[in-house]
Amino acid sequence: DQQVKQNSPSLSVQEGRISILNCDYTNSMFDYFLWYKKYPAEGPTFLISISSIKDKNEDGRFTVFLNKSAKHLSLHIVPSQPGDSAVYFCAASANPTGANSKLTFGKGITLSVRP
Amino acid sequence: NAGVMQNPRHLVRRRGQEARLRCSPMKGHSHVYWYRQLPEEGLKFMVYLQKENIIDESGMPKERFSAEFPKEGPSILRIQQVVRGDSAAYFCASSPPTSRLPPRTDTQYFGPGTRLTVL
(Lines give C-alpha, C1' and ligand atoms only; values in the text may rest on other atoms or scores of the structure.)
Protein backbone atom coordinates (compact mmCIF):
# COMPACT_ATOMS: atom_id res chain seq x y z
CA ASP A 1 0.00 0.00 0.00
CA GLN A 2 1.67 3.17 -1.25
CA GLN A 3 0.92 5.80 1.36
CA VAL A 4 2.95 8.52 -0.38
CA LYS A 5 2.54 8.77 -4.13
CA GLN A 6 4.52 10.67 -6.69
CA ASN A 7 2.60 9.75 -9.79
CA SER A 8 4.74 11.48 -12.37
CA PRO A 9 8.08 9.71 -12.74
CA SER A 10 9.74 12.58 -14.57
CA LEU A 11 9.48 16.28 -15.38
CA SER A 12 11.39 18.41 -17.85
CA VAL A 13 11.39 22.22 -17.69
CA GLN A 14 13.27 25.08 -19.30
CA GLU A 15 15.88 26.94 -17.28
CA GLY A 16 14.36 30.00 -15.65
CA ARG A 17 10.81 28.61 -15.63
CA ILE A 18 8.89 27.18 -12.69
CA SER A 19 9.12 23.50 -11.75
CA ILE A 20 6.10 22.07 -9.94
CA LEU A 21 6.51 18.66 -8.34
CA ASN A 22 3.43 16.98 -6.93
CA CYS A 23 2.87 14.49 -4.14
CA ASP A 24 -0.26 12.83 -2.75
CA TYR A 25 -0.70 10.90 0.46
CA THR A 26 -3.37 8.64 1.90
CA ASN A 27 -2.56 8.45 5.61
CA SER A 28 -4.48 11.17 7.46
CA MET A 29 -2.15 10.73 10.47
CA PHE A 30 0.77 12.28 8.59
CA ASP A 31 1.56 15.66 10.13
CA TYR A 32 5.02 16.48 8.79
CA PHE A 33 6.10 16.54 5.17
CA LEU A 34 9.55 16.89 3.69
CA TRP A 35 11.17 17.16 0.29
CA TYR A 36 14.58 15.70 -0.42
CA LYS A 37 16.80 16.06 -3.47
CA LYS A 38 19.03 13.22 -4.53
CA TYR A 39 21.89 12.99 -7.00
CA PRO A 40 23.08 9.58 -8.26
CA ALA A 41 25.37 7.74 -5.85
CA GLU A 42 24.72 10.27 -3.08
CA GLY A 43 22.41 10.39 -0.08
CA PRO A 44 19.18 12.42 -0.07
CA THR A 45 19.68 16.08 0.81
CA PHE A 46 17.00 17.81 2.86
CA LEU A 47 15.39 20.72 0.97
CA ILE A 48 12.35 21.99 2.79
CA SER A 49 9.63 20.79 5.13
CA ILE A 50 6.15 21.78 6.21
CA SER A 51 4.15 20.99 9.31
CA SER A 52 0.46 20.20 8.99
CA ILE A 53 -0.43 23.37 10.89
CA LYS A 54 0.75 25.40 7.91
CA ASP A 55 -0.27 25.52 4.26
CA LYS A 56 2.86 27.13 2.85
CA ASN A 57 6.54 27.29 3.62
CA GLU A 58 9.09 29.19 1.60
CA ASP A 59 12.88 29.05 1.52
CA GLY A 60 14.59 30.96 -1.24
CA ARG A 61 13.67 29.49 -4.61
CA PHE A 62 11.76 26.62 -2.98
CA THR A 63 8.16 26.78 -1.76
CA VAL A 64 6.10 23.90 -0.48
CA PHE A 65 2.31 24.05 -0.46
CA LEU A 66 0.12 21.73 1.60
CA ASN A 67 -3.57 21.07 0.95
CA LYS A 68 -4.69 18.87 3.83
CA SER A 69 -8.24 18.42 2.62
CA ALA A 70 -6.98 17.06 -0.69
CA LYS A 71 -4.05 15.22 0.95
CA HIS A 72 -1.79 16.86 -1.59
CA LEU A 73 1.44 18.79 -1.46
CA SER A 74 3.60 20.36 -4.09
CA LEU A 75 7.11 21.74 -4.36
CA HIS A 76 7.64 24.83 -6.49
CA ILE A 77 11.11 25.75 -7.69
CA VAL A 78 11.42 29.14 -9.28
CA PRO A 79 13.44 29.99 -11.22
CA SER A 80 14.63 26.51 -12.15
CA GLN A 81 18.34 26.06 -12.72
CA PRO A 82 20.29 23.26 -14.47
CA GLY A 83 21.83 22.33 -11.11
CA ASP A 84 18.33 21.48 -9.88
CA SER A 85 18.33 18.42 -12.15
CA ALA A 86 18.03 15.48 -9.74
CA VAL A 87 15.53 13.04 -8.27
CA TYR A 88 13.12 14.65 -5.80
CA PHE A 89 11.53 12.58 -3.05
CA CYS A 90 8.47 13.52 -1.08
CA ALA A 91 8.37 12.07 2.45
CA ALA A 92 5.93 12.14 5.33
CA SER A 93 5.77 11.14 8.97
CA ALA A 94 3.13 10.77 11.66
CA ASN A 95 3.66 11.89 15.23
CA PRO A 96 0.63 10.73 17.22
CA THR A 97 2.56 10.35 20.48
CA GLY A 98 4.82 13.38 20.23
CA ALA A 99 7.86 11.21 19.54
CA ASN A 100 10.20 10.93 16.59
CA SER A 101 9.02 8.57 13.88
CA LYS A 102 9.98 7.02 10.57
CA LEU A 103 9.65 8.65 7.17
CA THR A 104 7.50 7.18 4.42
CA PHE A 105 8.84 8.06 0.98
CA GLY A 106 7.36 8.34 -2.46
CA LYS A 107 9.15 6.75 -5.39
CA GLY A 108 10.62 10.05 -6.57
CA ILE A 109 10.39 12.36 -9.57
CA THR A 110 13.32 12.90 -11.91
CA LEU A 111 13.55 16.60 -12.72
CA SER A 112 15.53 17.70 -15.77
CA VAL A 113 16.15 21.41 -16.25
CA ARG A 114 17.12 22.22 -19.83
CA PRO A 115 19.57 25.08 -20.38
CA ASN B 1 29.84 20.48 11.65
CA ALA B 2 30.30 17.07 10.08
CA GLY B 3 27.25 15.47 8.58
CA VAL B 4 26.10 11.88 8.88
CA MET B 5 28.94 9.53 8.05
CA GLN B 6 28.61 6.05 6.65
CA ASN B 7 31.22 3.46 5.86
CA PRO B 8 32.09 1.69 3.82
CA ARG B 9 30.69 3.51 0.80
CA HIS B 10 30.82 0.37 -1.27
CA LEU B 11 30.75 -3.21 -0.03
CA VAL B 12 30.95 -6.39 -2.07
CA ARG B 13 30.07 -9.71 -0.49
CA ARG B 14 29.56 -13.24 -1.76
CA ARG B 15 26.38 -15.09 -0.98
CA GLY B 16 26.43 -16.44 2.56
CA GLN B 17 28.87 -13.88 3.93
CA GLU B 18 28.10 -11.22 6.52
CA ALA B 19 27.79 -7.49 5.81
CA ARG B 20 28.36 -4.80 8.45
CA LEU B 21 27.36 -1.25 7.67
CA ARG B 22 28.34 1.62 9.98
CA CYS B 23 26.73 4.97 10.63
CA SER B 24 27.89 7.89 12.77
CA PRO B 25 25.12 10.47 13.32
CA MET B 26 25.52 14.21 13.12
CA LYS B 27 26.95 15.82 16.23
CA GLY B 28 24.22 16.36 18.77
CA HIS B 29 21.82 13.86 17.19
CA SER B 30 20.82 10.87 19.26
CA HIS B 31 18.24 9.36 16.89
CA VAL B 32 19.36 7.09 14.04
CA TYR B 33 17.30 5.59 11.24
CA TRP B 34 18.19 3.04 8.55
CA TYR B 35 16.56 2.95 5.12
CA ARG B 36 17.06 0.73 2.09
CA GLN B 37 16.67 1.73 -1.53
CA LEU B 38 16.23 -0.95 -4.15
CA PRO B 39 16.78 -0.05 -7.83
CA GLU B 40 14.04 2.18 -9.26
CA GLU B 41 12.35 2.43 -5.87
CA GLY B 42 12.00 5.00 -3.12
CA LEU B 43 13.62 4.63 0.27
CA LYS B 44 12.02 2.09 2.60
CA PHE B 45 12.27 2.43 6.35
CA MET B 46 14.00 -0.40 8.18
CA VAL B 47 14.72 0.53 11.80
CA TYR B 48 14.86 3.48 14.21
CA LEU B 49 17.23 3.47 17.17
CA GLN B 50 18.31 5.65 20.03
CA LYS B 51 21.40 4.95 22.13
CA GLU B 52 21.20 1.32 23.32
CA ASN B 53 17.52 1.06 22.33
CA ILE B 54 15.59 -0.10 19.28
CA ILE B 55 12.52 2.14 19.06
CA ASP B 56 10.87 0.87 15.87
CA GLU B 57 11.99 -2.13 13.83
CA SER B 58 8.78 -2.56 11.87
CA GLY B 59 10.64 -2.39 8.54
CA MET B 60 13.32 -4.94 9.32
CA PRO B 61 13.17 -8.35 7.66
CA LYS B 62 12.45 -11.00 10.26
CA GLU B 63 15.58 -13.00 9.64
CA ARG B 64 19.28 -12.24 9.03
CA PHE B 65 19.02 -8.49 9.71
CA SER B 66 19.88 -6.79 12.98
CA ALA B 67 20.80 -3.30 14.12
CA GLU B 68 22.37 -1.73 17.15
CA PHE B 69 23.38 1.70 18.41
CA PRO B 70 25.70 1.19 21.35
CA LYS B 71 26.44 3.72 24.05
CA GLU B 72 29.82 4.36 22.45
CA GLY B 73 30.54 4.17 18.75
CA PRO B 74 28.54 4.11 15.54
CA SER B 75 25.27 2.43 14.75
CA ILE B 76 25.72 -0.92 12.99
CA LEU B 77 23.38 -2.59 10.52
CA ARG B 78 24.31 -6.25 10.23
CA ILE B 79 23.15 -8.61 7.51
CA GLN B 80 24.00 -12.26 8.00
CA GLN B 81 24.22 -14.83 5.21
CA VAL B 82 23.62 -12.27 2.48
CA VAL B 83 21.65 -13.16 -0.64
CA ARG B 84 21.55 -11.45 -4.02
CA GLY B 85 18.27 -9.76 -3.11
CA ASP B 86 20.07 -7.83 -0.37
CA SER B 87 21.93 -5.84 -3.03
CA ALA B 88 20.78 -2.26 -2.54
CA ALA B 89 21.80 1.15 -1.27
CA TYR B 90 21.52 1.42 2.52
CA PHE B 91 21.11 4.91 3.93
CA CYS B 92 21.42 6.06 7.48
CA ALA B 93 19.80 9.24 8.77
CA SER B 94 19.96 11.07 12.07
CA SER B 95 17.80 13.67 13.73
CA PRO B 96 17.42 15.64 16.92
CA PRO B 97 14.41 14.87 19.13
CA THR B 98 11.12 16.35 18.04
CA SER B 99 9.17 18.89 19.99
CA ARG B 100 5.90 17.70 21.51
CA LEU B 101 4.06 20.69 20.07
CA PRO B 102 4.14 21.82 16.46
CA PRO B 103 6.17 22.63 14.52
CA ARG B 104 8.17 19.43 14.27
CA THR B 105 11.91 19.59 14.75
CA ASP B 106 12.93 16.02 13.95
CA THR B 107 14.06 16.57 10.36
CA GLN B 108 16.17 13.61 9.28
CA TYR B 109 19.53 14.22 7.63
CA PHE B 110 20.99 11.47 5.50
CA GLY B 111 24.43 10.07 5.02
CA PRO B 112 25.93 9.22 1.61
CA GLY B 113 24.88 5.59 1.81
CA THR B 114 26.55 2.20 1.53
CA ARG B 115 26.08 0.39 -1.74
CA LEU B 116 26.01 -3.33 -1.07
CA THR B 117 26.59 -5.73 -3.94
CA VAL B 118 26.11 -9.44 -3.36
CA LEU B 119 27.80 -11.66 -5.91
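Please turn the phi angles of segment B:65-79 into ³J(HN,Hα) values with the Karplus equation 6.51 cos²θ - 1.76 cosθ + 1.60 (θ = phi - 60°), one per residue in order, whole Hz, x for glycine and proline.
3J(HN,Hα) across segment B:65-79, in whole Hz: 9, 8, 9, 8, 9, x, 4, 10, x, x, 7, 10, 10, 10, 10.
So, taking all protein chains as they sit and a 1.4 Å probe, how much accessible area belongs to residue B:29, in Å² rounded to tens?
Looks like 30 Å² after rounding.
Looking only at other chains, what is the average number of their beta-carbon atoms within 10 angstrom of each beta-carbon in B:109-117?
Counting Cβ atoms of other protein chains within 10 Å of each residue's Cβ and averaging gives 3.
With θ set to phi - 60°, apply the Karplus curve 6.51 cos²θ - 1.76 cosθ + 1.60 along segment B:20-35 and write out the HN-Hα couplings as whole Hz, x wherever there is a Gly or Pro.
Karplus values, whole Hz, x for Gly and Pro: 10, 10, 10, 9, 10, x, 4, 4, x, 9, 10, 10, 10, 10, 10, 10.
Amide H neighbours of residue A:31 under 5 Å, at least 5 residues apart or on other chains, H built in the peptide plane: list them.
For residue A:31, whose amide H was placed from the backbone, the distant partners under 5 Å are A:93, A:94, A:95.
Dipole of chain B (Lys/Arg Cβ +1, Asp/Glu Cβ -1, origin at the Cα centre): which of B:38, B:96, B:82 lies farthest to the positive side?
Towards the positive end, the residue furthest out is B:82.
With an 8 Å Cα cut-off and a minimum separation of 6 or more residues, compute the relative contact order for chain A in percent.
It comes to 36 percent, rounded to a whole number.
Taking Rh as the Kirkwood radius, which is the inverse of the mean 1/r over Cα pairs, what is the Rg/Rh value for chain A?
With Rh from the inverse mean 1/r over Cα pairs, Rg/Rh is 0.96.
Using protein chains only and a probe of 1.4 angstrom, how many square angstrom of residue A:25 are accessible, to the nearest 10?
20
The values are calculated or read from the model by the stated rules, or taken from the named source; none is laboratory data. Remember, predicted model here, so these are calculated numbers, not experimental data. Neighbour counts run over all protein chains shown; Cβ positions are idealised from the backbone, glycine included. Accessible surface areas use protein heavy atoms only, side chains included; no ligands, DNA or RNA. Shrake-Rupley method; radii C 1.70, N 1.55, O 1.52, S 1.80 Å.
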